[in-house]
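The values are calculated or read from the model by the stated rules, or taken from the named source; none is laboratory data. Keep in mind it's a predicted model, so treat the numbers as computed, not measured. With ideal geometry, Cβ positions are generated from the backbone for all residues, glycine too; neighbour counts draw on all protein chains shown.
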Amino acid sequence: MPLPIAELHLHIEGTLEPELAFALAARNGVTLPHADTDALRRAYDFQDLRSFLDLYYALMDGLRTEQDFADLADAYLARAAAQGVRHAEIFFDPQAHTQRGVELGTVVEGLWRVLGRSEERHGVSPRLIMCFLRDESADSALATLKAAEPYLDRITGVGLDSAEVGHPPAKFREVYEAAAALGLRRVAHAGEEGPPAYITEALDVLGVERVDHGLRCPEDPALVGRLVRERVPLTLCPLSNARLRAVDTLADPPLPAMLDAGLLCTVNSDAPAYFGGYAGDTLDAVRRTLGLDEERLRELARNSFLASFLDDDEERRARYLAEVEAYRF
């Protein structure tokens, strides 16, 4: 039985395995940019974030109907549950779909068809976080937030993802203010390829409650001190950092030092179909590569539930934390 964990940095479109991608493309009459699953997997030798995003968006073209999104979510939840995930806060990218003519309602209704039953079917409690593409305009983000208002009973928060460099958080000040007024939780990718200053800006300008990645925060000791004092969670993604060349190898991420500094770090799979592993795979990879002991693994699992948006269900959070403490390796 795997260690119970919460997954807080997971792009549902990034769980699109090659086999499902080709099945959906055939279902919808879409031609993918590679001939077969083997050719597609060979394209996963990414040079940086941009090279990954180009393929990531291309494969989304097969996602067209509610059933497609339901199949995507169901496949992820089955894998996640088998690897110990008890709670998942799942990102989705509405603009990547609406720009292709897929209505926002199709995306949300399709995902929620499965997420709404995920506890019953998979034993995983879900949250849904709508991300804005930071390389699109702020006006597009505002229009997306407006279009999402009929679905806010199923959307917990907003996030910010896609190409980071050259797109500072402050660009989205207005949309985050509007999201806060609607009672939505706020997170943002920052400090993956962008500088530590983007993390500070996400905190001060966007009012984020959790930083996705935050890998580069150790470059700014004052920022580290602030993150520790304010208990701001960081959703680290070691496998994607290595595959996208944000670090040289999996042995390089400063995770142990960040934990030693008192940072509230979690370990997540990000886009597991592309980066070589789901949540349990990721935890096992850092355990083996970084030599993490049982107590450090328990700390990461504990952090994942503490960093989650389960404030509205503290009884559930306490139950998950008790599972972590009772776990025997």
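Of V187, V165, V158, V175, all but one fail to be of a type in the set (A, V, I, L, M, F, W, C) and either assigned to a loop (DSSP other than H, G, I, E, B) or surrounded by fewer than 20 Cβ atoms within 10 Å (Cβ to Cβ) (or both); the exception is V165.
Looking at F275, F309, F305 in this structure, which one is modelled with pLDDT under 95 and either surrounded by fewer than 21 Cβ atoms within 10 Å (Cβ to Cβ) or on the phi < 0 side of the Ramachandran plot (or both)? That would be F275, the only listed residue that is modelled with pLDDT under 95 and either surrounded by fewer than 21 Cβ atoms within 10 Å (Cβ to Cβ) or on the phi < 0 side of the Ramachandran plot (or both).
Can you find a residue that is touching a Phe, Trp or Tyr at 6+ places or on another chain (Cβ under 7 Å), under 22 Å from V267 (Cα atoms) and among the hydroxyl-bearing types (S, T, Y) anywhere in segment 74-84? Scanning segment 74-84 turns up no residue that is touching a Phe, Trp or Tyr at 6+ places or on another chain (Cβ under 7 Å), under 22 Å from V267 (Cα atoms) and among the hydroxyl-bearing types (S, T, Y).
Among the residues of this structure, G105 counts as one that is surrounded by fewer than 21 Cβ atoms within 10 Å (Cβ to Cβ), at pLDDT 95 or above, not in a loop (DSSP other than H, G, I, E, B) and not acidic (D, E). Every condition in (1) part of a helix (DSSP H, G or I); (2) surrounded by 20 or more Cβ atoms within 10 Å (Cβ to Cβ) holds for A318 except the one numbered (2).
Condition (residue is assigned to a loop (DSSP other than H, G, I, E, B), out of contact with any Cys (no Cβ under 8 Å at 6 or more places or on another chain) and modelled with pLDDT of 95 or more) applied to segment 129-136: is it met by at least one residue? Full working, then the answer.
First, pick out the residues of segment 129-136 that are assigned to a loop (DSSP other than H, G, I, E, B): 134-136.
Pick out the ones that are also out of contact with any Cys (no Cβ under 8 Å at 6 or more places or on another chain) and you get 134-136.
The next check asks that each one be modelled with pLDDT of 95 or more; those that pass are 134, 136.
Yes, because at least one residue in segment 129-136 is assigned to a loop (DSSP other than H, G, I, E, B), out of contact with any Cys (no Cβ under 8 Å at 6 or more places or on another chain) and modelled with pLDDT of 95 or more.
Considering only residues that are among the polar types (S, T, N, Q) and assigned to a helix (DSSP H, G or I), which ones fall in segment 37-77? If the condition is that a residue be among the polar types (S, T, N, Q) and assigned to a helix (DSSP H, G or I), then T37, S51, Q67 are the ones that fit. Only one residue in R64, R100 is surrounded by fewer than 17 Cβ atoms within 10 Å (Cβ to Cβ) and either under 17 Å from the mean Cα position of the chain (by Cα) or not β-branched (V, I, T) (or both), so which one is that? R100 is the lone residue from the list that is surrounded by fewer than 17 Cβ atoms within 10 Å (Cβ to Cβ) and either under 17 Å from the mean Cα position of the chain (by Cα) or not β-branched (V, I, T) (or both).
Cβ-Cβ contacts under 7 Å between residues 6 or more apart (or on different chains), taken from a first residue in segment 205-227 that is touching a residue at least 12 places away in the same chain (Cβ under 8 Å) and closer than 24 Å to G157 by Cα to a second residue that is among the basic types (K, R) and surrounded by 17 or more Cβ atoms within 10 Å (Cβ to Cβ), are listed as L206/R186; G207/R186; V208/R186; E209/R185; E209/R186.
Filtering segment 221-231 for residues that are touching a helix residue (DSSP H, G or I) at 6+ places or on another chain (Cβ under 8 Å), surrounded by 15 or more Cβ atoms within 10 Å (Cβ to Cβ), at pLDDT 95 or above and within 30 Å of Y151 (Cβ to Cβ) leaves an empty set.
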